[in-house]
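**Q** Once you've had a glance at the structure underneath, I'll fire off some questions.
The values are calculated or read from the model by the stated rules, or taken from the named source; none is laboratory data. Being a predicted model, the structure only gives us computed values, none of them experimental. Positions of Cβ are backbone-derived with ideal geometry, glycine not excepted, and every protein chain shown enters the neighbour counts. Quick note on the areas: whole protein, heavy atoms, side chains included, nothing else; ligands and nucleic acids left out. Shrake-Rupley method; radii C 1.70, N 1.55, O 1.52, S 1.80 Å.
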Amino acid sequence: SSNERRGWPLRDLGGRRVGAERVRLSLGAAMGAPSDGEGVLRLAFNRSRWSPEGEESGREFTFLLSCLTADEADKVMRFKFFADKQRALVSRLLQRKCVELCLGMGWGSIQIKRTKGKKPFVANANSGGKQARGMPNFNYNVSHEGDYIVLASEPVCIVGVDVAAPGQSRRNNVFSLDKVFSSFKDQLTEVEWANIRCFG
């Protein structure tokens with residue numbers, strides 16, 4: 001592709017090299033289509049597995065940053081540390097991809113705003129796409145901490161999601177994931193445990 005000839009070594013979420021014009025398709029292919037029904041999406045991204053060459057000054061990161069609005073890109077770049085910039089960038093890309101997949105809206109037409117409680121929402125959801133057909137209350141939420149950025153969406157019910165990484169945010173303390181799991185042993189079903197364990 002022309003972008004590859006210009007030296008844009010982009011990778012999709014699976015780590016394969018792709019041309020810049022295929023990034024949106026690759027993000028969709030790696031994350032999958034909505035599951036459990038239209039408008040229902042559960043996504044998780046491990047930022048520790050993504051090391052773009054040149055960090056925020058590299059071509060891959062700057063290209064992905066250019067997929068956002070100028071205001072969104074500015075907010076990403078306000079962070080001091082690269083890990084925070086990664087989380088902010090991936091969070092915004094996941095939100096746009098979620099809306100594109102679930103509502104059928106064009107990437108450039110999506111307007112994301114936040115409620116007073118800081119929950120993101122699609123400000124122009126009724127201006128196109130398929131919200132009126134079976135998704136009267138499409139909403140999503142996103143969270144990030146440590147290595148993970150997660151997103152959940154629902155067509156009717158209000159959805160919330162939160163991720164915590166106490167072992168990563170307190171690196172000097174000893175942290176045992178087994179201890180955390182054992183404290184929740186009786187709180188989750190086998191299916192829920194299988195879903196948790198599939199993320200490693």
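**Q** Out of curiosity, is Leu93 open to solvent by less than 50 Å² (accessible area, probe 1.4 Å) and either more than 17 Å from His144 (Cα to Cα) or in a strand (DSSP E or B) (or both)?
**A** Details: open to solvent by less than 50 Å² (accessible area, probe 1.4 Å): yes; either more than 17 Å from His144 (Cα to Cα) or in a strand (DSSP E or B) (or both): no.
Against the criterion (open to solvent by less than 50 Å² (accessible area, probe 1.4 Å) and either more than 17 Å from His144 (Cα to Cα) or in a strand (DSSP E or B) (or both)), Leu93 does not qualify.
**Q** Give all pairs with beta carbons closer than 9 Å in which a residue from the stretch 40-65 that is surrounded by fewer than 16 Cβ atoms within 10 Å (Cβ to Cβ) and part of a strand (DSSP E or B) meets a residue that is basic (Lys, Arg) and modelled with pLDDT under 95; count only pairs at least 6 apart in sequence or on separate chains.
**A** Note: no pairs meet the criteria.
**Q** Out of (1) open to solvent by 70 Å² or more (accessible area, probe 1.4 Å); (2) at pLDDT 90 or above; (3) of a type outside the set (Lys, Arg), the odd one out for Ala29 is which?
**A** In the conditions (1) open to solvent by 70 Å² or more (accessible area, probe 1.4 Å); (2) at pLDDT 90 or above; (3) of a type outside the set (Lys, Arg), Ala29 misses (2) alone.
**Q** Spot the failing condition for Phe81; the list is (1) at pLDDT 50 or above; (2) buried (at least 17 other Cβ atoms within 10 Å of the Cβ), and only one is missed.
**A** Unmet for Phe81, out of (1) at pLDDT 50 or above; (2) buried (at least 17 other Cβ atoms within 10 Å of the Cβ): (2).
**Q** Does Phe121 fit the bill of being assigned to a strand (DSSP E or B) and open to solvent by 60 Å² or more (accessible area, probe 1.4 Å)? First the steps, then the outcome.
**A** Values: assigned to a strand (DSSP E or B): yes; open to solvent by 60 Å² or more (accessible area, probe 1.4 Å): yes.
The answer is yes for Phe121.
**Q** Next question, about the same structure. Modelled with pLDDT under 80 and either more than 19 Å from Val90 (Cβ to Cβ) or open to solvent by 40 Å² or more (accessible area, probe 1.4 Å) (or both), is that true of Phe184? Talk me through it step by step, then tell me what you get.
**A** Working: modelled with pLDDT under 80: yes; either more than 19 Å from Val90 (Cβ to Cβ) or open to solvent by 40 Å² or more (accessible area, probe 1.4 Å) (or both): yes.
It is true that Phe184 is modelled with pLDDT under 80 and either more than 19 Å from Val90 (Cβ to Cβ) or open to solvent by 40 Å² or more (accessible area, probe 1.4 Å) (or both).
**Q** Of the conditions (1) at pLDDT below 90; (2) touching a Leu at 6+ places or on another chain (Cβ under 7 Å), Ser127 satisfies every one except a single condition; which number is it?
**A** (2)
**Q** Out of Val40, Val76, report the one residue that is of a type in the set (Val, Ile, Thr) and in contact with a Lys or Arg (Cβ under 8 Å, 6 or more places away or on another chain).
**A** Values: Val40 fails: in contact with a Lys or Arg (Cβ under 8 Å, 6 or more places away or on another chain).
Unique residue meeting the criteria: Val76.
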